[in-house]
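Before any comments, here is the structure.
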Amino acid sequence: MNALFVTLALIAGQPAEATDAELAEAARREYLLGVGVHGDARAARPHFAAAAAAYRLLWERGPRTPELAESWGRAAFLAGDWPRAIAAAHAGLRLAPHRAGLQRDLDTYRDSVIAPPETKPDERLRPARLSGVRARVSEWDLFGATAAAAFLLGIGAIRRFTVGGAWALPVAAIGVAGLIVVGGLAWKRAGEAGDDRAAPVWVLRSDEVLRKGNGESYAARVESPLPRGAEVREIARRGDWLQVRLTGGAIGWLPERALLPVP
């Protein structure tokens with residue numbers, strides 16, 4: 001399929017029956033066209049929107065990679081769709097929580113969310129910068145540390161029970177200590193991942209009132225509507241309404257139609 005037709009289909013919002021290579025080429029070309037429109041955001045945004053649509057289709061098809069999420073988020077952000085940019089960054093960070101580029105991108109996208117002034121601590125909307133073991137230590141870091149600690153333990157044990165040597169026991173002890181530390185980090189990392197799965201992130205598509213119950217008839221839970229791009233965590237569901245928790249801790253209900261899931 002001609003790449004031009006792929007681009008036109010993306011701009012029209014129609015699914016593109018194209019190969020992955022054609023979609024990737026269309027996304028790259030539209031992104032560069034958007035970058036090339038200097039000083040005219042209005043003219044550049046359709047190009048970035050088409051690029052974001054292509055990256056989204058590639059994500060849905062798989063394979064999913066942090067690099068793809070990064071490209072998708074940046075294109076969506078430059079197209080003016082920061083809710084989807086935030087969702088894309090979260091999707092990438094699920095795969096690679098330690099990826100510094102995605103962490104910086106998420107902070108940049110959050111800066112675009114125009115939040116009302118906080119009147120109470122529990123109504124705080126902006127999440128803190130990602131922290132914890134998962135944000136600093138990758139699975140490969142743990143694998144490398146485990147291999148190094150196991151090597152020291154093995155060398156020390158073999159030396160101790162064969163020819164001996166004053167250094168054998170300390171080396172083996174260092175290996176054991178290393179394995180204990182790695183095990184603790186792995187346990188902490190798994191716990192953080194479990195917390196994320198237990199309360200998944202959703203992003204508001206548009207401004208929406210947080211209500212005290214699962215219906216439009218319920219009173220507002222907070223004084224001002226939640227802004228487009230705000231992040232909330234799901235804690236329960238009733239029909240097509242979600243009970244969510246704000247970063248500050250306030251709990252209320254939002255209609256699912258107003259929310260964008262992290263893919």
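The values are calculated or read from the model by the stated rules, or taken from the named source; none is laboratory data. What you see is a predicted model, and the numbers here were worked out from it, not measured in a lab. Virtual Cβ from ideal backbone geometry, glycine too; neighbours counted across all protein chains shown.
Answer yes if at least one residue in the stretch 68-86 is free of Cβ contacts under 8 Å to residues at least 24 places away in the same chain, out of contact with any His (no Cβ under 7 Å at 6 or more places or on another chain), surrounded by 14 or more Cβ atoms within 10 Å (Cβ to Cβ) and not small (G, A, S), and no otherwise. The answer is yes, given that some residue of the stretch 68-86 is free of Cβ contacts under 8 Å to residues at least 24 places away in the same chain, out of contact with any His (no Cβ under 7 Å at 6 or more places or on another chain), surrounded by 14 or more Cβ atoms within 10 Å (Cβ to Cβ) and not small (G, A, S).
Kindly evaluate R205 against the criterion of being of a type in the set (D, E, K, R), without any contact (Cβ under 8 Å) to a residue 40 or more places away in the chain and either closer than 13 Å to V232 by Cα or loosely packed, with under 14 Cβ neighbours inside 10 Å (or both). No; evaluated as a whole, the condition is false for this residue.
Quick one: which residue in A148, A190, A157, A128 is touching a residue at least 60 places away in the same chain (Cβ under 8 Å) and of a type in the set (A, V, I, L, M)? Explain how you work it out, then say what you get.
Values: A148 fails: touching a residue at least 60 places away in the same chain (Cβ under 8 Å); A190 fails: touching a residue at least 60 places away in the same chain (Cβ under 8 Å); A157 fails: touching a residue at least 60 places away in the same chain (Cβ under 8 Å).
Selected residue: A128, the only one of A148, A190, A157, A128 that is touching a residue at least 60 places away in the same chain (Cβ under 8 Å) and of a type in the set (A, V, I, L, M).
When L169, L125 are checked against the criterion of being modelled with pLDDT of 80 or more and either buried (at least 17 other Cβ atoms within 10 Å of the Cβ) or assigned to a loop (DSSP other than H, G, I, E, B) (or both), a single residue qualifies: L125. If I ask for residues that are among the aliphatic types (A, V, I, L, M) and modelled with pLDDT under 95, which ones from the stretch 190-208 would you list? Once the filter is applied, which keeps residues that are among the aliphatic types (A, V, I, L, M) and modelled with pLDDT under 95, the stretch 190-208 yields A190, A193, A198, A199, V201. When G215, G183, G191 are checked against the criterion of being surrounded by fewer than 16 Cβ atoms within 10 Å (Cβ to Cβ) and part of a loop (DSSP other than H, G, I, E, B), a single residue qualifies: G215.
For the stretch 143-159, residues that are buried (at least 16 other Cβ atoms within 10 Å of the Cβ) and either in the same structural domain as R99 (by TED's automatic domain parsing) or over 30 Å from A96 (Cβ atoms) (or both) total 3.
Mind checking whether some residue in the stretch 22-29 is more than 21 Å from the chain's Cα centre (by Cα), farther than 27 Å from V201 by Cα, hydrophobic (A, V, I, L, M, F, W, C) and at pLDDT below 90? There is no residue in the stretch 22-29 that is more than 21 Å from the chain's Cα centre (by Cα), farther than 27 Å from V201 by Cα, hydrophobic (A, V, I, L, M, F, W, C) and at pLDDT below 90.
Is it the case, given these coordinates, that R197 is part of a helix (DSSP H, G or I), free of Cβ contacts under 8 Å to residues at least 12 places away in the same chain and under 21 Å from the mean Cα position of the chain (by Cα)? I'd like the intermediate steps shown before the answer.
Values: part of a helix (DSSP H, G or I): yes; free of Cβ contacts under 8 Å to residues at least 12 places away in the same chain: yes; under 21 Å from the mean Cα position of the chain (by Cα): yes.
So R197 passes the test.
Quick one: S224 ticks every box in (1) farther than 27 Å from G80 by Cα; (2) of a type outside the set (F, W, Y); (3) outside any strand (DSSP E or B) except a single one, so which number is it? Every listed condition holds for S224 apart from (1). Restricting the stretch 221-235 to residues that are under 21 Å from the mean Cα position of the chain (by Cα) and not β-branched (V, I, T) leaves a set whose member that is farthest from L57 (Cα to Cα) is L226.
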